[in-house]
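Comments concern the structure below.
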Amino acid sequence: MNDVTFNKKGTTKYLIWTFLITYAIQIVVAILYHNGLAIVGQLITAGTMFVPLFGVLLSGNKLAGMGWKPHLKGKIKFLFAAWLLPAVLTAIGAVLYFVVFPGHFDLSGEYLEAIGGAEALKQLEAQGITYPVYILISVVGCLTYTPLVNMLLAAGEEAGWRGFLYPQLKARFGRRKGWLIGGVIWGIWHSPLIWLIGYEYGTDYVGFPIVGMLIFCIFTTTAGILCDWLYEKTGCIWIPSVFHGAINAAGTIPIAICMPNTGSAILLGPAPIGVLAGLPFIICAVILLLKSVRPNEK
């Protein structure tokens with residue numbers, strides 16, 4: 001990964017293919033959402049995680065050399081970090097958020113009822129499961145098997161971003177600028193959904209949708225730095241994929257124990273996509289940004 005030569009044509013074609021396909025899909029998803037087909041839209045949205053991988057191929061670049069075959073001897077600690085660190089950082093961030101907004105903490109299941117209707121809670125009760133127990137089960141899942149399941153989807157994005165784009169950007173701009181530019185690109189890739197369906201933050205906040213887009217870019221930049229650092233340390237594309245999948249798993253827990261419809265507070269948390277709850281991720285990313293720059297790089 002250290003001897004990558006910047007390929008301007010290949011990188012440009014990759015970005016064009018990846019953004020054109022994704023933006024077209026996101027417009028379709030928005031139409032589905034606005035016509036009462038949110039579940040179908042969610043499935044299609046999950047599928048777009050493979051677009052960056054296909055973008056590599058469609059642009060004439062190669063997936064080979066990204067570390068598809070794990071060689072983790074002496075690197076197991078990075079696998080455990082990828083698996084568990086997102087849950088730890090997310091938990092710390094959630095605590096910060098609920099300390100500031102204690103009234104938003106809720107274990108009554110109001111969130112589940114808001115997204116699944118009263119029937120969702122009744123189904124839990126019919127199985128003899130209280131909402132706190134349901135949350136506990138979810139926590140166990142995000143610490144054990146869920147990162148592995150999510151990894152299979154996250155690998156589609158990681159192959160495109162960390163496997164191809166980030167090495168290209170670092171070859172052209174250096175590690176620090178490459179990380180920052182890559183994070184913004186990754187964030188902008190999600191922008192149509194933030195605008196058209198209120199992806200991640202809803203629509204009831206100050207500065208919709210621009211503020212949501214900007215804050216999400218902060219999240220993707222910090223997460224991208226952490227993912228790429230793990231990729232550099234291991235040379236295995238599956239490790240940042242595990243980290244990415246673990247973030248997606250852990251990030252659902254704070255939302256599930258928070259009252260729905262918190263307005264502009266959603267920009268702060270309780271999930272790590274918020275500025276306040278995301279502080280643990282931001283701090284880790286800033287430390288890496290400052291310490292992991294190679295000599296003579298800015």
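Here are some notes:
- Look at (1) over 27 Å from Leu143 (Cβ atoms); (2) at pLDDT below 95; (3) out of contact with any Lys or Arg (no Cβ under 8 Å at 6 or more places or on another chain); (4) not in a helix (DSSP H, G or I) and you find that Lys298 fails only one, number (3).
- Within the stretch 110-130, residues that are of a type in the set (Asp, Glu) have Cβ atoms under 7 Å from residues that are open to solvent by less than 50 Å² (accessible area, probe 1.4 Å) in these pairs: Glu110/Pro260; Glu113/Ala120; Glu113/Leu121, counting only partners at least 6 apart in sequence or on another chain.
- Identity of the residue in the stretch 22-54, open to solvent by 30 Å² or more (accessible area, probe 1.4 Å) and polar (S, T, N, Q), that ends up farthest from the chain's Cα centre (by Cα): Asn35
- Of the residues screened, Ala154 is one that is in contact with a His (Cβ under 6 Å, 6 or more places away or on another chain) and touching a residue at least 12 places away in the same chain (Cβ under 8 Å).
- Single residue of Leu79, Leu63 found to be open to solvent by 30 Å² or more (accessible area, probe 1.4 Å), more than 18 Å from Glu200 (Cα to Cα), out of contact with any Phe, Trp or Tyr (no Cβ under 6 Å at 6 or more places or on another chain) and not in a helix (DSSP H, G or I): Leu63
- Whichever residue in the stretch 91-131 is open to solvent by 70 Å² or more (accessible area, probe 1.4 Å) and among the acidic types (Asp, Glu) and, among such residues, is nearest to Leu267 (Cα to Cα): Glu110
- Filtered residues of the stretch 108-143 (kept if more than 25 Å from the chain's Cα centre (by Cα) and under 21 Å from Ala94 (Cα atoms)): Ser108, Tyr131, Pro132, Val133
- Qualifying residue in the stretch 227-247 (condition: closer than 24 Å to Thr262 by Cβ, modelled with pLDDT of 95 or more and surrounded by 23 or more Cβ atoms within 10 Å (Cβ to Cβ)): yes
- Residues of the stretch 173-227 classified as in contact (Cβ under 8 Å) with a residue 40 or more places away in the chain and polar (S, T, N, Q), total: 2
- Failed item, numbered, when Tyr205 is tested on (1) in a helix (DSSP H, G or I); (2) surrounded by 17 or more Cβ atoms within 10 Å (Cβ to Cβ); (3) modelled with pLDDT of 95 or more: (1)
- The stretch 5-21 - residue that is closer than 18 Å to Gly47 by Cα and β-branched (Val, Ile, Thr) and, of those, most open to solvent (accessible area, probe 1.4 Å): Ile21
- Spans of helices (runs of 4 or more DSSP H) in the stretch 231-292 with at least 2 residues in contact with a Leu (Cβ under 9 Å, 6 or more places away or on another chain) and in contact (Cβ under 8 Å) with a residue 12 or more places away in the chain: 238-250, 279-291
- Among the residues of the stretch 266-283, those identified as hydrophobic (A, V, I, L, M, F, W, C) and over 19 Å from Gly109 (Cα atoms) are Leu267, Leu268, Ile273, Val275, Leu276, Ala277, Leu279, Phe281, Ile282, Ile283.
The values are calculated or read from the model by the stated rules, or taken from the named source; none is laboratory data. Bear in mind that the values here come from a model prediction, so they are computed numbers and not experimental data. Cβ atoms come from the backbone with ideal geometry, glycine included; neighbour counts cover every protein chain shown. Areas reflect the complete protein model, heavy atoms only, side chains present, ligands, DNA and RNA absent. Shrake-Rupley method; radii C 1.70, N 1.55, O 1.52, S 1.80 Å.
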